[in-house]
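Everything below concerns the one structure shown next.
The values are calculated or read from the model by the stated rules, or taken from the named source; none is laboratory data. Not measured: the values here are computed from a predicted model. In this analysis, Cβ positions are derived from the backbone assuming ideal geometry, glycine residues included, and neighbour counts consider all displayed protein chains. We work out accessible area using only protein heavy atoms, side chains counted, and drop any ligands, DNA or RNA first. Shrake-Rupley method; radii C 1.70, N 1.55, O 1.52, S 1.80 Å.
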Amino acid sequence: MNTSRAQQSADTDRKSESRNFMAKPIVALVGRPNVGKSTLFNRLVGERLAIVDDTPGTTRDRLFAESEWNGRAFGIVDTGGIDPTHGGKTPLSIGSADFIKEIKGQAFIAAEEADAILFVTDGESGITPADREVAEIMRRYQKKQPDGSFLPPIFVVVNKCESAGRRANAGEFYELGLGTPYAVSAVHGTDVGDLLDDLVASFPPAVEEEDDSVKIALVGKPNAGKSSLLNKLVGKERAIVSPIAGTTRDAVDTKIEFGGLPVTLIDTAGIRRRGKIEPGVEQFSVIRSFKAIERADVALLLIDATTGITSQDAHIAGFILEAWKSCVVLVNKWDAVEKNSYSMDEYTRKIRADLNFMDYVPLLFISAKTGQRVEQVMPMALRVQEERLARLATSKINKVLVEAQDAHSAPSHAGRQLKIFYGTQVRSDPPTFMIYVNDPKLMHFSYLRFLENRLREEYGFLGTPIRIVTKGRRDE
């Protein structure tokens, strides 16, 4: 596979994708503990992604997911409530310095990073001193616009309004000075639609963005060496390099050219383990990292060779896969590892075992500090991007399918056997195949994986996920 093929494919695929890319607004849910933010989050997202528990402080970090309403997609963030205890033991008074610091940090970051805020309160308990603290902080950090409006827009959500009496009493929340309160029931979904109508209407108009560059995101745990690698790739001190974990707070785009191709390098903040994310700026930097992966064509996943692969590395890899992005695994700090002639093979086997769901990704052992093998990173990333844009002729696809069935009979269930009629590639970026069968329910996931492996054996798709969709068709 050569560069010219990638460039020809890019003319149709990558440009089409870039024109369709739109930055999604971010909506943050804020408020004191146990007002139902996680329940509302699940209602808006449509899945039970957040832990829901009656114990205050159950949500210990921010969850991020996508939602859609009236055709407008947006990201939504579930924030942990202000923890009413210090270290889980000593109660904090409303006026205490620690409590004020927690509540101020949450509200400030939401106001700085979110495009809209859902300030969730409790219609059962009414306005509390903590609600007044949140309201005061958010009013302070809202930015007044020339037209007299304020950004980000804040929506006061009075939750737990299941009864007519509570809905009638929701008017008391006008006292917070943040506009009309929305009386809802997150549990039952009552009046959540009206809230979403106004929320989506507050978003700025969606703007299509033109960007034909290959987007490569550098992701990984804090202090894995992402900024050091960026500096080596760019050839100058573009990002601050520090041994302190979490130095990089923003996703930083750097435009370069490599081999005549425009490339955007996206450096991101490190992603900590769930439950280990400190309150404040770092929590939103995690969201930026996730969004950077979604923006990217190829993700460079950096693993710290001195610590070995961790569960968090696997978690990040899983997110890359879920986003259907291509990937190269970079084992960084290889210079700092005591090794022998078998060390690289041992590391490779361990990584392959821990990332067995991404056995198609290439591995490079590098040192961003010394420059060891760094010259191989960009060629490998662009090669993976070429594979991502590959298109196969229908005749070749069906040859693979026929040979696969000859080698391994299609599965059957309750006396019915799966019949594969034909397959075709319906798109690239990532490679997506439609296989027409007599009954999609007969396609076992293990046989689907078998077909994927046969396609890879024949045509590669190095570092790139393959999506296979089955569709029913009557046997004529």
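Some observations on this one:
- When each of the peptides 333-340, 128-135 is scored by how many other beta carbons lie within 10 Å of its residues on average, the order from highest to lowest is 128-135, 333-340.
- Under a model in which nothing but the beta-carbon of Lys, Arg (+1) and Asp, Glu (-1) is charged, region 307-364 shows a dipole of about 60 debye around its Cα centre.
- Distant-in-sequence amide contacts of ALA183, defined by a placed amide H-H separation under 5 Å and a gap of 5 or more residues or a different chain, comprise VAL158.
- Packing here is the average count of other Cβ atoms within 10 Å per residue, and on that basis the peptides 300-310, 454-464, highest first, run 300-310, 454-464.
- Mean Cβ count within 10 Å, highest first, over the residues of peptides 317-324, 412-419: 317-324, 412-419
- Accessible surface for region 284-365, divided over its residues, is 38 Å² per residue with a 1.4 Å probe.
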